[in-house]
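The structure appears right after this line, and notes come after that.
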Amino acid sequence: MAKNSGKASGTSRIKFIMFDAEIADDQLQSVTQAITNALRGPAQAPKRLAPSPAQLNGSNGAAAEHDDEPDLFDHADEAEAAVDVTPAAPKKKAQRRVAPKPNMILIDTDSEPPLSSLVDPKSNHRRYLMIAAWLHDHRATPVITQDHIYSCYRLLGWPTDIGDFAQPLRELKHKQYFSTPERGKYAINQLGLHKAKEAE
């Protein structure tokens, strides 16, 4: 405040800003009443609410005097109306593709050497290689499918709780033990035959 020089030089204008807040619409009346009561003196006329910061940044004082309420609340209402309060839809988890269930096919298991001559190596990759090599060498079946593997597993009594019977074939193909002449068909190669002998 300026010092009083002792001369009455007219009136002065003072702007007093209390706070800047965004308030829910249902609380607006009670907050306005509380501010009015706090600013009201015992014998003074009711004081007006301070103009919004937007008016301090360039709008003239005359326009501020004609507003019933500060622009602060008007802008807050507009901002609330523009906000999208719709909850985002939960993202769907990508569903894993269900592998096709293999089928039993007819395999000659009794001719020499019988299928039962295979010794379980306790590893699916080695089992697949041994079955593929046995079919290649003794049953004239150089190209196999997951159905061949599944059928041999069932006939040998090996566990069939494999989610995707073609997965080990794809992995062995990636290691270059098989080639794929057609989709879903696997041909054991020389490297695979050599690896199968190691598993015996």
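Computed values, structure above
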{"item": "Selection status of Leu118, over 20 Å from Leu172 (Cβ atoms), among the aliphatic types (A, V, I, L, M) and surrounded by 13 or more Cβ atoms within 10 Å (Cβ to Cβ)", "result": "no"}
{"item": "Check on Asp137, acidic (Asp, Glu) and within 16 Å of Gly157 (Cα to Cα)", "result": "no"}
{"item": "Hits in the stretch 148-172 - residues which are assigned to a helix (DSSP H, G or I) and surrounded by 18 or more Cβ atoms within 10 Å (Cβ to Cβ)", "result": "His148, Ile149, Tyr150, Ser151, Cys152, Tyr153, Pro168, Leu169, Leu172"}
{"item": "Among residues of the stretch 173-187, those that are closer than 13 Å to Arg126 by Cβ and either of a type in the set (Val, Ile, Thr) or buried (at least 21 other Cβ atoms within 10 Å of the Cβ) (or both), counted", "result": "1"}
{"item": "Residues within the stretch 165-200 that are touching a residue at least 60 places away in the same chain (Cβ under 8 Å) and over 14 Å from Leu129 (Cβ atoms), tallied", "result": "3"}
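No lab work stands behind these numbers, since they all come straight from the coordinates. On a predicted model such as this, the values are computed, not experimentally measured, just so you know. Using ideal geometry, Cβ is built from the backbone for each residue, glycine included, and neighbour counts are taken over all protein chains shown.
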